[in-house]
1. For segment 105-123, which residues satisfy the criterion of being farther than 22 Å from residue 200 by Cα and surrounded by fewer than 17 Cβ atoms within 10 Å (Cβ to Cβ)?
2. Only one of 162, 137 is in contact with a helix residue (DSSP H, G or I) (Cβ under 8 Å, 6 or more places away or on another chain), in the same structural domain as residue 116 (by TED's automatic domain parsing) and modelled with pLDDT of 90 or more. Can you tell me which?
3. Quick one: which of 156, 177 is touching a helix residue (DSSP H, G or I) at 6+ places or on another chain (Cβ under 6 Å) and either farther than 16 Å from residue 116 by Cβ or exposed (fewer than 13 other Cβ atoms within 10 Å of the Cβ) (or both)?
4. Among the residues that make up segment 202-213, is at least one of them at pLDDT 85 or above, touching a helix residue (DSSP H, G or I) at 6+ places or on another chain (Cβ under 7 Å) and surrounded by 14 or more Cβ atoms within 10 Å (Cβ to Cβ)?
5. Could you name every one of the strands (runs of 3 or more DSSP E) located completely within segment 122-202 that has at least 1 residues being under 29 Å from residue 97 (Cβ atoms) and in contact (Cβ under 8 Å) with a residue 12 or more places away in the chain?
């Protein structure tokens, strides 16, 4: 836990003695890592484009044959309403898939308080993990297919995974035994930030503990 301004004043009545450390605590509280990822697969867009064109073509041809010309369409004749509902369902499916590709996003932040993450639209609010909830964390290489059965929000033998693509992620082990993997597309940058945070948090924790021991 970091000391706030009131606690610092209480432990150290003389501001001159703690000015430097107070500034360090303030700077640590300002540090934040932010990453946002989304599905950006070329093959997914191609599949969506091809299937959308085929669906649109089928709808146009079927409506023309069945409704305008009064002829049966397909090997299993359907009523006008059933045909309209079928093609409407296909359109809704493609639109839903399009919206999913555009708006789905994995976002997480790391700061002096802890880690927050959300995989929209599966999670409407951010899940918050404070440092006192976390037992350990580390960057690691993972296999989405063999460990979790693919990308997205998944559950495997190592707990939940929130991934979009790639093979590197932040593995988090909570004190209650649960494990969470957050995929990252900036492994090198994240690693540097975590190393910096780890050193500064350790230094701050030692500082606070020594202060409390002296006061006790």
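1. Selection gives 105, 120, 121, 122, 123.
2. On the way: 162 fails: in contact with a helix residue (DSSP H, G or I) (Cβ under 8 Å, 6 or more places away or on another chain).
That would be 137, the only listed residue that is in contact with a helix residue (DSSP H, G or I) (Cβ under 8 Å, 6 or more places away or on another chain), in the same structural domain as residue 116 (by TED's automatic domain parsing) and modelled with pLDDT of 90 or more.
3. On the way: 177 fails: touching a helix residue (DSSP H, G or I) at 6+ places or on another chain (Cβ under 6 Å).
Of the residues listed, the single one that is touching a helix residue (DSSP H, G or I) at 6+ places or on another chain (Cβ under 6 Å) and either farther than 16 Å from residue 116 by Cβ or exposed (fewer than 13 other Cβ atoms within 10 Å of the Cβ) (or both) is 156.
4. We begin by selecting, within segment 202-213, every residue at pLDDT 85 or above; these are none.
No, that holds for no residue.
5. Working: elements: 127-130, 134-141, 152-156, 159-163, 168-174, 179-183.
So the answer is 152-156, 159-163, 168-174, 179-183.
The values are calculated or read from the model by the stated rules, or taken from the named source; none is laboratory data. What you see is a predicted model; the values in this text were computed from it and never measured. Glycine gets a Cβ as well: all are built from the backbone with ideal geometry, and neighbour counts include every protein chain shown.
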